[in-house]
Amino acid sequence: MLNNPSKHLKMDNMENKIPMRRMVHKIIYECNIVLLVVDARDPETTRNRSLEEYTIEKNKKLIYVINKSDLVPKKILEKWKNKFKSENPDSSVVFVSAKEKLGTKMLRDEIKTYLNSNNIKYGQVGIVGYPNVGKSSIINALTGKKSARSGLTAGLTVGEQWVKLTKDIKLLDSPGIIEPKDEDELVISGALRYEKADDVISPALKILNRIHTFDNTILKEYYGFEIGEEINIELLEKIGTKLNFLAKDGKIDINRTSKSIIREFQNGKLNYHRMNLKKYEQKRTKNIDFITKYLKDFPYINDADQIILHLENIDELGKLNTKPVIGIKELDDAFVIISFSEKSRDTGRKKVEELARTSDIELYSFGDGRIGKHRIYVGVGEKK
């Protein structure tokens with residue numbers, strides 16, 4: 001049994017990522033331009049500063065590509081642009097949505113302009129960044145076809161991964177590497193679940209400090225009281241008081257308050273801007289009575305797999321035309337959370353786990369399956 005899961009996770013990262021880091025350094029060394037891709041919803045956490053420094057050290061043109069920019073207000077994107085430019089004046093910043101194919105022409109033009117102005121006839125462009133920020137999607141959007149492969153490993157040779165942008169410009173995807181970070185960063189990024197973290201107070205304070213430094217009006221508006229210059233334990237106590245998070249001894253529950261801050265930051269409710277990101281998601285209803293009515297008097301309500309086996313025999317459910325549904329229902333002595341008609345099993349699982357966290361439900365049974373054309377994911381648990 002692992003005594004410190006986060007420690008082992010970080011050691012595994014170091015063992016597995018060092019060869020990849022060398023590969024990425026080799027890519028940067030060979031290229032004229034480096035595209036550093038970050039997630040527009042949280043550029044600070046998803047930027048890789050060591051790769052930025054190495055790119056500048058090797059005198060390569062650095063272009064920050066802020067991907068998923070359709071999910072963030074333009075004025076917030078501009079603030080990030082100004083921040084990046086103030087830190088690295090010779091860099092460029094381009095807003096892109098690879099999924100929506102927005103900003104790709106601007107990025108292509110930025111690449112060509114730099115190469116032409118420096119009389120570089122045959123250009124090589126490397127794309128670097130953390131996993132899941134959309135590096136391969138950027139290549140596919142630039143080229144207009146599925147050229148890049150995901151899941152690269154250190155065993156692949158660099159020459160096999162070049163993709164043509166034009167006859168004179170080549171693009172190169174790179175493995176997504178995460179530099180070994182302290183536990184706070186792992187918690188903030190979601191790489192380590194906060195429920196398993198040794199300390200939740202420190203990452204919560206870092207989140208508050210980053211948001212307050214970026215825009216000192218956000219926290220005041222979000223929590224409804226004045227925020228001083230110091231982001232410290234006293235602020236956590238004020239937030240806990242506002243949320244009425246009391247421990248058994250009547251004092252403010254600082255850990256519960258900290259978990260709330262981390263959870264709401266990861267869910268996009270507490271962020272660098274006021275836009276509700278959930279409006280960009282596929283619409284979901286929350287009423288699962290049309291499903292749970294078939295579980296009345298069901299004797300195995302504590303077993304998610306048995307629930308799914310039972311529901312699979314309900315022809316009416318398989319024939320329904322419905323948008324994705326995620327909801328919770330108390331049945332007998334259990335809380336049943338059901339995701340129905342999601343596009344993927346993984347999305348269903350994440351939605352169930354997210355609803356369990358926000359509802360303070362500890363899940364002890366999980367199951368997934370299909371009912372007709374609909375995917376279903378079920379979690380069963382109890383109140384913490």
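The values are calculated or read from the model by the stated rules, or taken from the named source; none is laboratory data. The structure presented is a predicted model; accordingly, all values stated were derived computationally and were not measured. Quick reminder, even Gly has a Cβ in these numbers, built from the backbone with ideal geometry, and neighbours come from all protein chains shown. These accessible areas exclude ligands, DNA and RNA; they are computed on the full protein's heavy atoms, side chains included. Shrake-Rupley method; radii C 1.70, N 1.55, O 1.52, S 1.80 Å.
What percent do you get for the relative contact order of the range 282-384 when only Cα pairs under 8 Å and 6+ apart count? Display every interim value, and only then the final one.
Details: 204 pairs, mean separation 32.0, N = 103.
Computed value for the range 282-384: 31 percent relative contact order.
Against the longest principal axis of the chain, how steep is helix 201-214, in degrees 0 to 90 to the nearest 10, with axes from Cα atoms?
The angle comes out near 50 degrees.
In nm, to one decimal, how far is the modelled label at SER359 from the one at SER344, with both set 7 Å along Cα→Cβ?
Distance between the two pseudo-spin positions: 2.4 nm.
Among all stretches of the chain without exposed chymotrypsin sites (Phe, Trp or Tyr not before Pro) (DSSP loop, at most 15 other Cβ atoms within 10 Å), which one is longest?
Details: sites that count: TYR122, PHE225, TYR300.
Value returned for the longest uninterrupted segment is 1-121.
Would you work out the charge dipole size for the range 301-384 about its Cα centre, treating the Cβ of every Lys and Arg as +1 and the Cβ of every Asp and Glu as -1, and quote it to the nearest 20 debye? All intermediate terms of the calculation are to be shown ahead of the outcome.
Values: 14 positive and 16 negative charges, 114 e Å.
The dipole magnitude comes to about 540 debye.
If R0 is 25 Å, what FRET efficiency do you get for ALA247 and ARG274 from their C-beta distance, rounded to 0.05? Please list the in-between numbers first.
On the way: r = 31 Å, r/R0 = 1.24.
After rounding to 0.05, the efficiency reads 0.20.
Which entries of LYS79/LYS343; LYS75/LYS351; LYS26/LYS83; LYS101/LYS259; LYS238/LYS323 have Cα-Cα distances beyond 32 Å here?
On the way: LYS79/LYS343 35 Å; LYS75/LYS351 30 Å; LYS26/LYS83 28 Å; LYS101/LYS259 36 Å; LYS238/LYS323 40 Å.
Cα-Cα > 32 Å for LYS79/LYS343; LYS101/LYS259; LYS238/LYS323; rest within.
Rounded, prolate or oblate: which fits the range 277-362, taking a ≥ b ≥ c as square roots of the Cα gyration tensor eigenvalues, rounded meaning a/c under 1.5, else prolate when a/b beats b/c? Each step should come with its number before you reach the end.
On the way: a/c = 1.91, a/b = 1.23, b/c = 1.55.
Verdict is oblate for the range 277-362.
Roughly to the nearest percent, how much of the accessible area of the chain is carbon and sulfur, given a 1.4 Å probe? Working shown, then result.
Values: 9470 of 20060 Å².
C and S atoms contribute 47 percent here.
Give, as a single signed number, the net charge of other residues whose beta carbon lies under 14 Å from the beta carbon of GLY123, with Lys and Arg counted +1 and Asp and Glu -1. Mind showing how you got there, number by number?
Working: positive: LYS60, LYS61, ARG108, LYS112, LYS121, LYS164, LYS167, LYS170; negative: GLU30, ASP109, GLU110, ASP168.
Surrounding charge for GLY123 is +4.
Give, rounded to the nearest 20 debye, the magnitude of the charge dipole that the chain has about its Cα centre when Lys and Arg contribute +1 at Cβ and Asp and Glu contribute -1 at Cβ. Could you put the intermediate results ahead of the total?
Values: 68 positive and 56 negative charges, 385 e Å.
Dipole about the Cα centre, nearest 20: 1840 debye.
So, taking all protein chains as they sit and a 1.4 Å probe, how much accessible area belongs to LYS60, in Å² rounded to tens?
50 Å²
Subtracting the Cα-Cα distance from 0.36 nm times the residue separation, let me have the gained length for SER86 to ILE314 in nm, one decimal. Can you show the working numbers first?
Values: separation 228, 0.36 × 228 = 82.08 nm, distance 6.05 nm.
Extra length available between SER86 and ILE314 comes to 76.0 nm.
At what distance in nm do the modelled label points of LYS58 and LYS373 sit from each other, each positioned 7 Å from its Cα along Cα→Cβ?
4.9 nm
Name the residue, out of ILE233, ILE28, ILE371, whose mean-square fluctuation peaks in a Gaussian network model built on the chain with Cα pairs under 10 Å.
Maximum among the listed residues: ILE371.
Calculate the spin-label point distance for LYS26 paired with ASN119, positioning each point 7 Å from the Cα along the beta-carbon direction, and give it in nanometres.
Simple spin-label model gives 3.2 nm for this pair.
Can you tell me the accessible area per residue over the chain, all protein chains present, probe 1.4 angstrom, in square angstrom? Mind dumping the intermediate values first?
Numbers: 20060 Å² over 384 residues.
On a per-residue basis, the chain sits at 52 Å².
Between LYS75 and GLU237, take the C-beta separation as r, use R0 = 30 Å, and let me know the FRET efficiency to the nearest 0.05.
Values: r = 32 Å, r/R0 = 1.08.
The pair LYS75/GLU237 has a calculated efficiency of 0.40.
At q = 0.07, 0.12, 0.14 Å⁻¹, what log₁₀ I(q)/I(0) does a Debye calculation on the Cα points of the chain give, no solvent, two decimals?
Summing over Cα pairs of the chain leads to -0.40, -1.08, -1.29.
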